[in-house]
Amino acid sequence: MSTPARERSSYCPRDCSHAMPDELLSRAGMAYAHELSFMVCFAALTAERLMIRPDPDQGTATKLIITDIIYGLAALTLLGSGIMRVLYFGQGSEFYTQNPLFWWKVGLYLSAGALSLYPTITYILWAIPLRKGEAPSVSAGVAGRIGWVINIELLAFGSLPFMASLMARGVGLPG
């Protein structure tokens, strides 16, 4: 009996469905998307923190805007993959929704997202002078506030894996 082409490879020329079932691969893929998007978020926030300064030149301002866009896209991917894991690819929705740690994680993520609006709106406003070929005028106070907001976001994002580790070990589950 012939095995479908998608189940054959040079490593496993026969039926390999026992080696990696589709469900396992899809669950692992969604977990990977979730974890990778988290890492991109953290890296983008770190890059923003390192670049923010009063009166950035045009190049730095443009890099900050691009980095913030990357952060936003990664944050949306993180949210989407997280929802997909809860509903279809994780431990089952009850595992998450009955655990208070899960709701703390969600609240922390949403709080970081809300905080990110301040830098994002500031960067959007920079587009006006940048389109005119000018660098944005950024005071030390604004740069400092953005820096502090990003510090808080980094702290929040840095706490999420610890909370996930606790959840994976059953901490917070009823009974």
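The values are calculated or read from the model by the stated rules, or taken from the named source; none is laboratory data. This structure is a prediction, so every number in the text was calculated from the model and none was measured. Note that each Cβ is placed from the backbone with ideal geometry, even for glycine, and that neighbours are counted across all protein chains shown.
The figures follow:
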item	result
Total residues in the range 63-101, condition hydroxyl-bearing (Ser, Thr, Tyr) and buried (at least 17 other Cβ atoms within 10 Å of the Cβ)	5
Near pairs, Cβ below 9 angstrom, 6+ apart or cross-chain, from the range 84-101 (under 15 Å from residue 164 (Cα atoms)) to any residue that is small (Gly, Ala, Ser) and not in a helix (DSSP H, G or I)	86/92; 96/90; 98/172; 99/170; 99/172; 100/172; 101/172
Subset of the range 159-175 [farther than 15 Å from residue 116 by Cβ and in a helix (DSSP H, G or I)]	159, 161, 162, 163, 164, 165, 166, 167, 168
Residue 87 vs. criteria within 21 Å of residue 31 (Cα to Cα) and out of contact with any Asp or Glu (no Cβ under 6 Å at 6 or more places or on another chain)	yes
Residue 33 in contact with an Asp or Glu (Cβ under 8 Å, 6 or more places away or on another chain), surrounded by 14 or more Cβ atoms within 10 Å (Cβ to Cβ), modelled with pLDDT of 95 or more and small (Gly, Ala, Ser)	no
Top-ranked residue of the range 102-135 - restricted to ones that are touching a residue at least 12 places away in the same chain (Cβ under 8 Å) and either among the charged types (D, E, K, R) or in contact with a Gly (Cβ under 6 Å, 6 or more places away or on another chain) (or both), ranked as surrounded by the most Cβ atoms within 10 Å (Cβ to Cβ)	105
